[in-house]
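Report on one structure; see the data block that follows.
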Amino acid sequence: GAGVSQTPSNKVTEKGKYVELRCDPISGHTALYWYRQSLGQGPEFLIYFQGTGAADDSGLPNDRFFAVRPEGSVSTLKIQRTERGDSAVYLCASSWTLGSEAFFGQGTRLTVV
Amino acid sequence: QKEVEQDPGPLSVPEGAIVSLNCTYSNSAFQYFMWYRQYSRKGPELLMYTYSSGNKEDGRFTAQVDKSSKYISLFIRDSQPSDSATYLCATYLVFGKGTRLSVIA
C-alpha cells in the first residue's frame, strides 16, 4: 500500500472486553513497530517485529497485551481484559529494517469505558 | 534517566522566525535520529532522518546531530503558521515527549 494503514480508526469498548487492533505496513517493510500515545506525551514503545518474530517486546506493559505478525506483513495488537488506563492512541509504524526511516499510520484511538 | 529528553514547551514564535528545537539522548551507541511533526489527532509524519553526526538540510528544515554532546537539533527557517504542530525527536525505538510549537501570523 501507499502508507501504513491502521484499523479501526476509533474503537470504544467496555472495561473487561477483548480488543484487536490491526496494522497494515508499507509493502516490503520488514520492520514493524507498535507504540502507545497518551495526550500530551510522546509515543511510548510497545513492541518491534523484524519479519514474523517479535525482536523486542520489552515495552508491553503486562501480559494482557500481545501482538502477532504471522506472515511478516499485517500485525495485530491484542489487548485482553481491557482497563480504563488502556485508553490511548495506538500507533503503528514500519520501515525497511531497524534503523531506517520509519513511517507511521494515523493510529487507532481506543477508549475503554 | 529517560533515554531521550525533550523540552515540551509550548514554544510560540512570530511568523518568519527561525525556530530551534532540541533533544538530548543518553546512549552514545545510538547512530540514527529522526524528527517527526505531529498535527492534532494525526499520526507522526517523518520530517528528517539523519545517521551519525553532522547536518542535513531539506528545504526550510535543517537537522543537526552532535554526538560528542549527545544533542540533536531541528531548525526551521522562515516559520509559517502551518508549521504549528508538535515536533518529536526519536532514536532507536525511543521518542522524546514532543515540543508543541505555535507560529503566530
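The values are calculated or read from the model by the stated rules, or taken from the named source; none is laboratory data. Being a predicted model, the structure only gives us computed values, none of them experimental. Please note: Cβ atoms are built from the backbone with ideal geometry, for glycine as well, and neighbour counts cover all protein chains shown.
Count of the stretch B:45-99 residues, restricted to those that are of a type in the set (D, E) and more than 14 Å from the chain's Cα centre (by Cα), is 1.
Among the residues of the stretch A:23-56, those identified as surrounded by fewer than 15 Cβ atoms within 10 Å (Cβ to Cβ) and more than 11 Å from chain B (Cβ to nearest Cβ) are A:S27, A:G28, A:G51, A:T52, A:G53.
Quick grid of which residues meet (1) assigned to a strand (DSSP E or B); (2) of a type in the set (G, A, S); (3) more than 30 Å from B:T99 (Cβ to Cβ); (4) modelled with pLDDT of 95 or more:
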{"residue": "A:Q6", "(1), (2), (3), (4)": "yes, no, no, yes"}
{"residue": "A:K15", "(1), (2), (3), (4)": "no, no, yes, yes"}
{"residue": "A:H29", "(1), (2), (3), (4)": "no, no, no, yes"}
{"residue": "A:Y35", "(1), (2), (3), (4)": "yes, no, no, yes"}
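When only residues in the stretch B:53-105 that are of a type in the set (D, E, K, R) and in a strand (DSSP E or B) count, which is nearest to B:Y25 (Cα to Cα)? Explain how you work it out, then say what you get.
Keep residues of the stretch B:53-105 that are of a type in the set (D, E, K, R), which gives B:56-58, B:60, B:66-67, B:70, B:77-78, B:83, B:97, B:100.
Okay, now just the ones that are also in a strand (DSSP E or B), so B:56-58, B:66, B:100.
On the way: B:K56: 19, B:E57: 21, B:D58: 23, B:D66: 11, B:R100: 19 Å.
Looking at residues that are of a type in the set (D, E, K, R) and in a strand (DSSP E or B), I get B:D66.
The number of residues in the stretch B:76-94 being out of contact with any Gly (no Cβ under 8 Å at 6 or more places or on another chain) and within 13 Å of B:R37 (Cα to Cα) comes to 5. Considered as a group, the residues in the stretch A:37-53 that are aliphatic (A, V, I, L, M) and at pLDDT 95 or above include one that is farthest from A:N10 (Cα to Cα), and that residue is A:I47. Scanning the stretch A:70-99 for residues being surrounded by 18 or more Cβ atoms within 10 Å (Cβ to Cβ), within 11 Å of the chain's Cα centre (by Cα) and of a type outside the set (G, A, S) gives a total of 6. Cβ-Cβ distances below 6 Å connect the following pairs, each with a first residue in the stretch B:66-80 that is modelled with pLDDT under 95, a second residue that is surrounded by fewer than 17 Cβ atoms within 10 Å (Cβ to Cβ) and in a loop (DSSP other than H, G, I, E, B), and a separation of six or more residues or different chains: B:K67/B:S53.
Can you pull out the residues in the stretch B:21-44 that are hydrophobic (A, V, I, L, M, F, W, C) and assigned to a loop (DSSP other than H, G, I, E, B)? Result: B:A29, B:F30. Restricting attention to the stretch A:89-108, does a residue exist that is more than 14 Å from A:R22 (Cβ to Cβ), in a strand (DSSP E or B) and of a type in the set (S, T, Y)? Checking the stretch A:89-108: at least one residue is more than 14 Å from A:R22 (Cβ to Cβ), in a strand (DSSP E or B) and of a type in the set (S, T, Y).
Among the criteria (1) under 10 Å from B:F33 (Cβ atoms); (2) charged (D, E, K, R); (3) touching a Gly at 6+ places or on another chain (Cβ under 6 Å), the one B:K97 does not fulfil is (1).
Quick one: in the stretch A:9-22, which of the residues that are of a type in the set (A, V, I, L, M) and within 12 Å of A:S87 (Cβ to Cβ) is surrounded by the most Cβ atoms within 10 Å (Cβ to Cβ)?
Filtering the stretch A:9-22 down to residues of a type in the set (A, V, I, L, M) leaves A:12, A:19, A:21.
Next cut, within 12 Å of A:S87 (Cβ to Cβ) only: A:12, A:19.
Details: A:V12: 12, A:V19: 18.
Filtering first and then ranking leaves A:V19.
For the stretch A:89-100, give me each residue that is at pLDDT 95 or above and facing another protein chain (nearest Cβ under 9 Å). Can you show your working first?
So the first thing to find is which residues in the stretch A:89-100 are at pLDDT 95 or above, and the list is A:89-96.
Correct list: A:V89, A:L91, A:C92, A:A93.
Restricting attention to the stretch B:47-105, the residues being more than 14 Å from chain A (Cβ to nearest Cβ) and not aliphatic (A, V, I, L, M) number 26.
Looking across the stretch A:100-113, just one residue is over 11 Å from the mean Cα position of the chain (by Cα) and surrounded by 22 or more Cβ atoms within 10 Å (Cβ to Cβ), and that is A:A102.
Looking at the stretch B:23-32, is at least one residue within 25 Å of A:G3 (Cβ to Cβ), free of Cβ contacts under 8 Å to residues at least 60 places away in the same chain and within 14 Å of chain A (Cβ to nearest Cβ)?
Our first condition is that a residue be within 25 Å of A:G3 (Cβ to Cβ); within the stretch B:23-32, this holds for B:32.
If we keep only those that are free of Cβ contacts under 8 Å to residues at least 60 places away in the same chain too, we end up with none.
Scanning the stretch B:23-32 turns up no residue that is within 25 Å of A:G3 (Cβ to Cβ), free of Cβ contacts under 8 Å to residues at least 60 places away in the same chain and within 14 Å of chain A (Cβ to nearest Cβ).
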